[in-house]
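The values are calculated or read from the model by the stated rules, or taken from the named source; none is laboratory data. Because the structure is predicted, anything quoted here is derived from the model rather than measured. Please note: Cβ atoms are built from the backbone with ideal geometry, for glycine as well, and neighbour counts cover all protein chains shown. Surface areas here come from the heavy atoms of the whole protein model, side chains and all, with no ligands, DNA or RNA. Shrake-Rupley method; radii C 1.70, N 1.55, O 1.52, S 1.80 Å.
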Amino acid sequence: MFKISIQFNCDWLKKRKPNNQDENTMTGHLMSLASKTIKELGGARSKSTVDNYLTAIRSFCRFAGTEVLVEQLDARLLERYQQWLIERHVAHNTISCYMRSLRSLLHLMSKDGRYQSLFDTTFTGKTKTDKRSITLEEIIRIRDLTLPPDSSLAFYRDIFLFSFYALGMPFVDIAFLQKSQLGDGYIVYFRRKTSQRIRVKLEPPMQQIIDNYSLSGSPYVFPILSARGRDRLMTEYESALTQYNRVLKKIGSLAGLQHVLTSYVARHSWASIAYNSNIDLSVISKALGHTSPNTTLTYIREIDDNRIDQANYRLLAELK
């Protein structure tokens, strides 16, 4: 019933009539109005929030396949968009992020709450995520896979390993990492999500991966981005992230992993393995660029519970 193609949405939208709304209702193309609103924000929102706005609006426009008028927005259209995302196996928490970003944008654009109720039948909550960490033995299995040289499998396997080696560096920061951020044996960068300054000592396996893929003439460390201009770069990044996760799923299967391998796994695994190695939580939090150790705890909660079990076992053993 809900097998909707982009072309179907496009035709359906073209036939839609604007909703009957009062004279104060916004009019015009959604993308143009959203872009204008984002520019007017200036520094009033964090960079990560602005990136979320841009990602959500681009995703919605890909779904529509045509210019969408603000007057055409209603709950039914947003439900169709949500179904479109589900059919493309987009994670529920990602869908929620898109919906909340669109809702916030519309609120900023209209300066009132008239569009908020449109999202009442879409998912804007948060679900418990699947396990995102793997063991050191599984990291080694991935490292030791024999993969075709110069293939996307080999390249993204190495990017995954680099992420793990570099204190769980997120893929977005790897993609945008520039050669100017390397020097004196260190990588120094600011996390795009939190703007926290991260300093990573360049260890031999990291340097080897860099040397294998560095291209002369490119400002970037890895051959992931090449476009110019913020919008084109973000579009290119989103495409690369999609491909990265698609290839990682294949790599995880080849390595015999029980859990799906994604871009988050390297980061969560580094945190979990470090915690299991008795590295202090505050050190792990700083390495990950978290603004609060509470955020770090969400990465290692399952291991934390296991350590409590072990501690109680040792305590009761003493009673014997």
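Of all residues in region 129-169, those satisfying the criterion of being assigned to a helix (DSSP H, G or I), over 22 Å from the mean Cα position of the chain (by Cα) and more than 27 Å from HIS92 (Cα to Cα) are LEU136, GLU137, ILE140, ARG141, ARG143. Does ASN294 count as in a loop (DSSP other than H, G, I, E, B) and either open to solvent by 90 Å² or more (accessible area, probe 1.4 Å) or at pLDDT below 85 (or both)? No: the conditions fail for ASN294. Being open to solvent by 40 Å² or more (accessible area, probe 1.4 Å) and either polar (S, T, N, Q) or over 18 Å from the mean Cα position of the chain (by Cα) (or both): is that true of GLU79 here? Criteria met by GLU79. Contact map, region 132-147: first residue open to solvent by 90 Å² or more (accessible area, probe 1.4 Å), second residue part of a helix (DSSP H, G or I) and among the aliphatic types (A, V, I, L, M), Cβ cut-off under 7 Å, separation 6 or more or different chains; pairs are ARG143/LEU161. Filter region 6-52 for residues that are at pLDDT 75 or above and among the acidic types (Asp, Glu); which is nearest to ARG100 (Cα to Cα)? Residue satisfying both the conditions and the ranking: ASP51. When you check GLU87 against the structure, is it open to solvent by 40 Å² or more (accessible area, probe 1.4 Å) and either under 22 Å from ARG230 (Cα atoms) or acidic (Asp, Glu) (or both), yes or no? In short, yes. In this structure, LEU167 does satisfy being at positive phi and in contact (Cβ under 8 Å) with a residue 12 or more places away in the chain.
So which residues in region 148-160 are among the hydrophobic types (A, V, I, L, M, F, W, C) and surrounded by fewer than 19 Cβ atoms within 10 Å (Cβ to Cβ)? Scanning region 148-160 gives LEU153, ALA154. Scanning region 104-131 for residues that are modelled with pLDDT under 85, of a type in the set (Gly, Ala, Ser) and surrounded by 15 or more Cβ atoms within 10 Å (Cβ to Cβ) yields a single hit, SER110.
If we keep just the residues of region 24-82 that are assigned to a helix (DSSP H, G or I) and among the β-branched types (Val, Ile, Thr), which is farthest from SER110 (Cα to Cα)? The residue in question is THR55.
When ILE95 is tested against the conditions (1) open to solvent by 20 Å² or more (accessible area, probe 1.4 Å); (2) among the hydrophobic types (A, V, I, L, M, F, W, C); (3) not in a loop (DSSP other than H, G, I, E, B), the lone failure is (1).
Taking the criterion of being closer than 24 Å to THR55 by Cβ and hydroxyl-bearing (Ser, Thr, Tyr), the residues of region 219-257 that qualify are TYR220, SER226, THR235, TYR237, SER239, THR242, TYR244. Can you name the residue in region 170-223 that is in contact with a Leu (Cβ under 8 Å, 6 or more places away or on another chain) and either of a type in the set (Lys, Arg) or part of a loop (DSSP other than H, G, I, E, B) (or both) and is also most open to solvent (accessible area, probe 1.4 Å) among such residues? Ranking the candidates gives PRO223 first. On inspection, ASP231 qualifies as in contact (Cβ under 8 Å) with a residue 40 or more places away in the chain and surrounded by fewer than 17 Cβ atoms within 10 Å (Cβ to Cβ).
Taken as a whole, the condition of being closer than 30 Å to PRO223 by Cβ and either touching a His at 6+ places or on another chain (Cβ under 8 Å) or not polar (S, T, N, Q) (or both) applies to ARG141.
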